[in-house]
Amino acid sequence: MNKSVAQKRILKLRAEIEDLRYRYHVLDDPKVNDAVTDSLTCELRVLEKEFPELRDPLSPTERVGGKPLDKFVKVKHSTPMLSLNDAFSRADLEAWKERIKKLKSDFKGSPKSDFLEYFCELKLDGLAVSLIYKDGLFLRGATRGDGYIGEDVSENLKTIETIPLKLRTPFPKMIEVRGEVIMAKKTLRELNRVYEKINKPLLANTRNAAAGSLRQLDPKLSRERHLDFFAYDITEISKLGSSTPTWELSSQVDTHSNKHDFLRQLGFKVDKHEAVCRNLDEVWSFTEKIGKMRPNFPYGTDGVVISVNQTELSKRLGFVGKAPHYAVAFKYPAEKATTVIKDIIVQVGRTGVLTPLAVFTPTLVAGSTISKATLHNFNQIERLDVRIGDTVVIQKAGDVIPEVVEVLPKLRVGHEKKFKIPTHCSVCGSKVEKKEMVAYFCANSNCPAKNIRGLLHFARALEIDELGPKVLNRFRDEGLISDASDIFALKKEDISGLERFGEKSAENLIVSINARRKPPLWRFLYALGVLHVGEETAQDLAERFGILEKIMTAELEEIQAVPNIGPIVARSAYEFFHKKENIDLIKKILKTGIKILPAEKRIAGKLFGKTFVITGTLESMSREEAKEKIRALSGNVSESISSQTNYLITGESPGSKLARAPKLGVKVLTEKQFLNLL
């Protein structure tokens, strides 16, 4: 191939690769195949090596970055990169709105209308950068720094696939684009798995990881971190190229929402979670919606940026200090906070397992005030080196139980005390035994702590909702119940005479209990609280053996032969039904007149042999109702997704299972598709 032919081929390859990049990152085109892009890039790299005089610093092959730097060069921002004032409530947003209205009313010639239009977008958790393009070509990129002076990190930014090296036409003569460099949660997990294997310090979080990656002096190290970029603003724009009339550009940037559309046209990746709002009610609805969705986003976000949508008005509103008047950052309640451990106590669970809890001064985290957080097990205490008196980081995301995730040893003063694993149960005084790798148990099967939690589990498993922890504790203190059999022996007159219990409440409770006197076999098995036997395992046991008597007399090998049941679960079930106290309790329950319905033989229904997993919140039914519908048609339900799963049913705010489904070859169903299947 001669030079002339090679040059034409190189130009076509560069254009095609850039187009594929645009379609993949900006248009989210599923038809774009990585293998095709890689193959074209490989061909381009070979040609550029053969004809080095045809190389271009903005070629897609140059995304490896330049040579390692000795230091970063300081650069001054032509327009300051301002930080935003925070808002934490609806009242804060109302106050911000009133400030804008007051400023607006002071403008000379300001219209009398109070109308304001708002633009909402995600506040991504990464590192803000400024990108400058001249004649459509990437010229320079810099970090925010102190807002006025940043660092030139152009070579590192070139390694990020989602930053275009050439803008798509039509483009302005000069343009400055602002955006956020981020690291995906998945990337962080994968890097930490690798770092753990080679004993390298783990990355703390996606924000720190993104910032640290961008400030590597060797661009190759930045490339290895697989960073991403989202554009969110245009701050400087000058004369247009010859192909773009002036009137067209003015319409492109007259509102913040139009800026986003223009950024997409130029080839930038812009996050899709955005909204133009006519009032604060719509703004608040948007923040509430994002608040529910954000735990499942592939990247970190700690809030929503709310701006005045009209560009000209934003400019007139100006800024004070380092924060603009025209925008505010609505922040969600912190999911992490620091506190000082006052004590470490041990809770005894219904199976007798001992769980250490950190006790501290009531602390606000993730929107709720908590005073205890789990330490999971005694190995965790040793691993974190948690001591009474330590300053620690606690975490609570969504509905997750609060936990201690980090110790700040530099804040120790020397009075901290190490925790000792108890040798005796704090509730009944019986000896503590270590039965599993990290678990310690109270050896007393009649421990009161076990008993009350076992009773609560029994009531919840049988769906006797009126029997909450306070009611059960009261009944136990009054001597009305001591084990699960006593629940079905309760009479209306036993309850109605108690303080705060009237005739009606007593009657309602007895009606609820009597309605549960004929539980299906699987539900009764689950209610017994056998260690490691959850709902799905109880279903498997019930389906295999049919009646309770066969399960109670089954050999270990028979239980272990049940599909989906491993050796640990099988031994736990076998040992439970071979302990005299458990057999006596079951007999006592049966004597109260309760009738356990045998498992119905599965007929080959339309879902026979199909396994379903449910993620997210369903609109038309609860998860339990969905499970029952699947089982009624001979289908199986699992809590974890695997290559053996046939369908993943997705509701609102699905979890990480949704991202794993395509990789495992699992078909994803919306709630509507699931209902159609039924």
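Before moving on, here are some points about what is shown:
- Against the criterion of being small (Gly, Ala, Ser), free of Cβ contacts under 8 Å to residues at least 40 places away in the same chain and assigned by TED's automatic domain parsing to the domain that holds Gly534, Ala561 qualifies.
- Number of the exception - Lys591 against (1) surrounded by 13 or more Cβ atoms within 10 Å (Cβ to Cβ); (2) modelled with pLDDT of 90 or more: (1)
- Scanning segment 212-238 for residues that are exposed (fewer than 15 other Cβ atoms within 10 Å of the Cβ) and touching a strand residue (DSSP E or B) at 6+ places or on another chain (Cβ under 7 Å) yields a single hit, Ser238.
- Tallying residues that are surrounded by 18 or more Cβ atoms within 10 Å (Cβ to Cβ), of a type in the set (Val, Ile, Thr) and more than 16 Å from His578 (Cα to Cα) within segment 530-561 yields 1.
- Residue match in segment 296-305 (condition: among the aromatic types (Phe, Trp, Tyr) and surrounded by 18 or more Cβ atoms within 10 Å (Cβ to Cβ)): yes
- Any hit, segment 626-639, residues being buried (at least 18 other Cβ atoms within 10 Å of the Cβ) and more than 20 Å from Gly534 (Cα to Cα): no
- Cβ pairs under 6 Å, 6+ apart, first in segment 147-164 and under 19 Å from Asp271 (Cα atoms), second in a loop (DSSP other than H, G, I, E, B): Leu157/Ile163; Ile160/Leu227; Thr162/Lys269; Pro164/Gly267
- Residues (more than 22 Å from the chain's Cα centre (by Cα) and of a type in the set (Ser, Thr, Tyr)) located in segment 609-623: Thr611, Ser620
- Among the residues making up segment 465-491, those that are within 39 Å of the chain's Cα centre (by Cα) and either in a helix (DSSP H, G or I) or crowded, with 19+ Cβ neighbours inside 10 Å (or both) are Leu467, Pro469, Lys470, Val471, Leu472, Asn473, Arg474, Ala484.
- When residues of segment 656-671 are limited to those that are closer than 20 Å to Met621 by Cα, among the aliphatic types (A, V, I, L, M) and without any contact (Cβ under 8 Å) to a residue 24 or more places away in the chain, the one surrounded by the most Cβ atoms within 10 Å (Cβ to Cβ): Leu669
- Breaking point among (1) surrounded by 15 or more Cβ atoms within 10 Å (Cβ to Cβ); (2) assigned by TED's automatic domain parsing to the domain that holds Asp218; (3) modelled with pLDDT under 75, for Leu103: (3)
- Qualifying residue in segment 150-164 (condition: buried (at least 17 other Cβ atoms within 10 Å of the Cβ), within 28 Å of the chain's Cα centre (by Cα) and farther than 22 Å from Glu62 by Cβ): no
- The condition of being among the aromatic types (Phe, Trp, Tyr), touching a Gly at 6+ places or on another chain (Cβ under 6 Å) and modelled with pLDDT of 90 or more holds for only one of Phe262, Phe230, that being Phe230.
- Consider segment 1-35 and keep the residues that are within 23 Å of Leu227 (Cβ to Cβ) and among the aliphatic types (A, V, I, L, M). The one that is modelled with the highest pLDDT is Ile17.
- Meets criteria (modelled with pLDDT under 90, among the aliphatic types (A, V, I, L, M) and either assigned to a strand (DSSP E or B) or surrounded by 19 or more Cβ atoms within 10 Å (Cβ to Cβ) (or both)) for Ala329: no
- Residue check for Thr617: more than 17 Å from Ala527 (Cα to Cα) and of a type in the set (S, T, N, Q): yes
- Within segment 169-207, being part of a loop (DSSP other than H, G, I, E, B), charged (D, E, K, R) and either surrounded by fewer than 15 Cβ atoms within 10 Å (Cβ to Cβ) or modelled with pLDDT of 90 or more (or both) holds for one residue alone: Lys200.
- Top-ranked residue of segment 208-225 - restricted to ones that are in a helix (DSSP H, G or I) and among the aliphatic types (A, V, I, L, M), ranked as farthest from the chain's Cα centre (by Cα): Leu221
- Lys342 being surrounded by fewer than 20 Cβ atoms within 10 Å (Cβ to Cβ), in contact (Cβ under 8 Å) with a residue 60 or more places away in the chain and touching a strand residue (DSSP E or B) at 6+ places or on another chain (Cβ under 6 Å): no
Table: residues versus (1) more than 24 Å from Gly349 (Cβ to Cβ); (2) at pLDDT 95 or above; (3) of a type outside the set (Val, Ile, Thr); (4) part of a helix (DSSP H, G or I).
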position	(1), (2), (3), (4)
Leu509	yes, no, yes, yes
Ile513	yes, no, no, yes
Trp522	no, no, yes, yes
Thr537	no, no, no, yes
Leu541	no, no, yes, yes
Glu557	yes, no, yes, yes
Ile583	no, no, no, yes
Ile586	no, no, no, yes
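- Verdict on Lys272 being among the basic types (Lys, Arg), free of Cβ contacts under 8 Å to residues at least 40 places away in the same chain and part of a helix (DSSP H, G or I): no
- Checking Gly429 against (1) at positive phi; (2) at pLDDT 85 or above; (3) of a type outside the set (Asp, Glu), the condition it does not meet: (2)
The values are calculated or read from the model by the stated rules, or taken from the named source; none is laboratory data. As the structure is a prediction and not an experimental result, all values here were calculated from the model. Don't worry about glycine lacking a Cβ; one is built from the backbone with ideal geometry, like all the others, and counts go over all protein chains shown.
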